[in-house]
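Below: the structure, in structure tokens.
Values in this text are rule-based calculations from the coordinates and carry no lab data. No experiment lies behind these values; they were computed from the predicted model shown. So basically every Cβ, Gly included, is an ideal-geometry build from the backbone, and we count neighbours across all protein chains shown.
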Amino acid sequence: MDRHSPLHARIDRRRLVLASGGAMLAVPFLGHGDASAQDSIVATMVTDTAGIGDESFNDLAKEGGDRAAVELGIEFNVLESQTAADYVRNLTEGAEQGELTVAVGFLLEDALNEVAPQYPDKYFAIIDTVVEADNVVSYVFREHEGSFLGGVLAALMTKTGVIGYLGGIRVPPVMRYEVGYVAGARSVNPDIEILISYSDDFEDPALGKELTLAQYNSNADIVLPAAGRTGIGAFDAAKEKGAGFFVIAGDQDQSELGPEFQLAAVLKKLDTGVYDSIEMVLNDSFVSGAHDIGIAENGVGIGVYHQSVPQDVKDKIEAYRAAIAEGAIEPPADDDALASFTPVPPTEVGGSASPAASPEASPAS
């Protein structure tokens with residue numbers, strides 16, 4: 001799919017930012033033993049073209065590396081990619097300058113498949129897709145489980161009966177966000193109207209605002225963006241519309257963009273994947289393969305609720321979360337699964353535990 005050109009005003013984002021200091025494995029994020037740990041390593045993260053400042057997956061991944069730099073004493077570098085043509089060059093530079101290179105995003109899959117075999121004695125990690133190689137560890141997330149909870153929230157809280165979804169490029173992780181959201185909303189209200197727009201771009205906030213405004217002007221009052229930097233525009237649209245219009249943030253808490261307009265955040269702990277890969281290399285315990293991470297592994301969820309979300313709504317969401325964790329509900333992960341999915345109404349979901357019992361839930365903001 002063709003990408004839009006980067007914003008002309010962006011500086012050369014290929015600069016180096018320094019921070020001092022096979023089978024799918026469904027496993028929790030765990031630390032590794034340090035009996036043979038190295039004194040230190042150099043780890044380099046390579047962003048996709050949305051870059052640092054996307055308020056989404058690149059920023060969240062960087063948080064994991066920054067935390068590793070502080071807590072583990074490693075050197076953590078970031079190489080930003082201005083265009084897709086930078087992916088191979090940046091991954092190569094990362095491999096040349098350190099022990100571990102982390103590729104952030106589905107869009108880097110082809111580049112890592114090219115670079116990793118050239119450096120068999122170096123380690124690589126990739127987020128949001130799988131690269132099968134002896135020196136690569138992959139972290140993929142069941143975004144549809146977290147966004148299912150976002151859809152439940154939106155359907156319970158909408159006052160118009162219309163909600164929206166803003167996607168960036170419809171790569172698998174973004175598609176999973178969409179279909180999970182739709183399934184969750186339809187479980188609460190099978191007749192709910194869901195407006196879906198795609199920007200075909202992860203780095204255009206102005207377009208994100210335009211598309212979100214179109215949804216708000218078509219009677220939506222809650223929108224979930226999964227669009228990288230483009231999703232910032234959803235908050236700009238809510239601010240322009242004013243009170244009563246909300247955003248459910250994707251990947252992480254984005255309340256700094258407008259706390260009065262963030263209804264909640266669908267959480268995706270990809271920062272922990274970055275930290276985990278660094279810790280494995282530091283401790284000489286690297287294991288290649290793919291980690292498949294969802295609610296049961298404490299890798300996705302929902303939290304950071306707006307003060308307007310009542311306790312009974314949180315209780316219903318917690319009941320759905322527990323049912324997904326136990327395998328009683330399996331949110332759809334693609335279009336075919338969505339087409340055959342039977343909505344599960346709140347009356348069929350047992351339990352009324354407080355969201356405080358959920359490791360993903362955060363205090364209301």
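What is the order of Asp134, Asp292, fewest Cβ neighbours within 10 Å to most?
Ranked by crowding around the Cβ, least crowded first: Asp134, Asp292.
Taken one residue at a time, the phi angles of the range 141-151 give Karplus couplings (6.51, -1.76, 1.60, θ = phi - 60°) of 10, 8, 4, 5, 6, x, 6, 4, 5, x, x Hz. Gly and Pro are set to x. Going by the alpha-carbon gyration tensor, a ≥ b ≥ c the square roots of its eigenvalues, is the range 125-186 rounded (a/c under 1.5) or, if a/c is not under 1.5, prolate (a/b greater than b/c) versus oblate? Prolate is the answer for the range 125-186, as a/c is 1.5 or above and a/b outweighs b/c. The amide H of Met45, built 1.01 Å from its N in the peptide plane, has Asn77, Val78, Leu79, Val102 as neighbours under 5 Å, considering only residues 5 or more places off or on other chains.
Computed from the C-beta positions of Glu240 and Asp191 and an R0 of 41 Å, the FRET efficiency is 0.90 to the nearest 0.05. Using the alpha-carbon positions of the chain, Rg (one decimal) and Dmax (whole number) come out as 19.9, 59 Å.
Length available on full extension from Glu210 to Val287: 0.36 nm per residue minus the Cα-Cα distance, which gives 23.3 nm.
Taking 0.36 nm per residue of separation and subtracting the Cα-Cα distance, what length does fully extending Ala296 through Ile52 add? Kindly include the intermediate steps, with their values, before the conclusion.
Values: separation 244, 0.36 × 244 = 87.84 nm, distance 2.93 nm.
Value of the extension gain: 84.9 nm.
Separation of the range 283-308 and the range 205-246, taken as the distance between their Cα centroids, equals 27 angstrom.
The 3J(HN,Hα) values that the Karplus relation (6.51, -1.76, 1.60; θ = phi - 60°) gives for the range 162-177 are, in residue order, 10, 10, x, 9, 10, x, x, 9, 7, 7, x, x, 6, 4, 5, 4 Hz. Gly and Pro appear as x. In the structure shown, the pairs Lys209/Lys316; Lys62/Lys241; Lys269/Lys314; Lys159/Lys314 are assessed against 28 Å; a Cα-Cα span above that value is assigned to Lys209/Lys316; Lys62/Lys241. Short-range pairs are left out: with C-alpha atoms under 8 Å and at least six residues apart, the relative contact order of the range 160-229 is 54 percent. Across all Cα atoms of the range 64-133, the radius of gyration (one decimal) and Dmax (whole number) stand at 11.8, 33 Å. Adding -39500 (n - 2.57) for every DSSP H run of four residues or longer, then dividing by how many residues the chain holds, sets the calculated 222 nm ellipticity at -10500 deg cm²/dmol. Under 13 Å from a label point set 7 Å out along the Cα-to-Cβ vector of Glu260, the amide N atoms of the range 205-238 belong to 238. Other residues lying with their Cβ under 14 Å from the Cβ of Gly350 contribute a combined charge of -2, Lys and Arg counting +1, Asp and Glu -1.
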